[in-house]
1. Starting from the Cα-Cα distance between ARG101 and TRP31, subtract it from 0.36 nm times their residue separation and give me the gain in nm to one decimal.
2. Show me the ranking of peptides 26-32, 45-51 by mean Cβ neighbours inside 10 Å, starting with the highest.
3. Figure the gain on full extension for ALA14 and LEU79 (residue separation times 0.36 nm, minus the Cα-Cα span) and round it to one decimal in nm.
4. Order of VAL17, VAL77, VAL37 from fewest to most other C-beta atoms within 10 Å?
Amino acid sequence: MVSKWSFAHGDITARNVLRDSEALALIDWEWAGLFPVDYDLAFLWFLLAGVPSGRAKVEAVVPAHAETGFLLSAVLVHLLHLQLWLRTPNPFISQHKETLRQLLTGVAGPRTVRSVAADCASAPGP
């Protein structure tokens, strides 16, 4: 069960990150608030579904003790997007429903982030 909450951006996307030669800055804080500890990581993992090795890089930084929280956060991110997408046609909806099924399976059993991620990667495409 997720018992720790932290202040998070809530919408980590490329369009919300500014970069110069020395630093990164996050903008657009309208979704910011208290979230499960690894929500921003899970949001980033969700967005990197189509980026080769993108999800693997996020998975590599999830500590073993935080895997359940990360998986629950990934479920929350998927539910948010599915709820939004059910209102309008989306060619990827079946893929995201399958990923959600895999995440729920991982939360319910003794699975690791990497094993759930491997199942999600093998989910059928749109």
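1. 22.7 nm
2. Descending mean neighbour count gives 45-51, 26-32.
3. 21.3 nm
4. Ranking VAL17, VAL77, VAL37 by Cβ neighbours within 10 Å, fewest first, gives VAL17, VAL37, VAL77.
Every number here is computed from the coordinates shown, using simple stated rules; none is lab data. Since this is a predicted model, take the numbers as computed values, not measurements. Quick reminder, even Gly has a Cβ in these numbers, built from the backbone with ideal geometry, and neighbours come from all protein chains shown.
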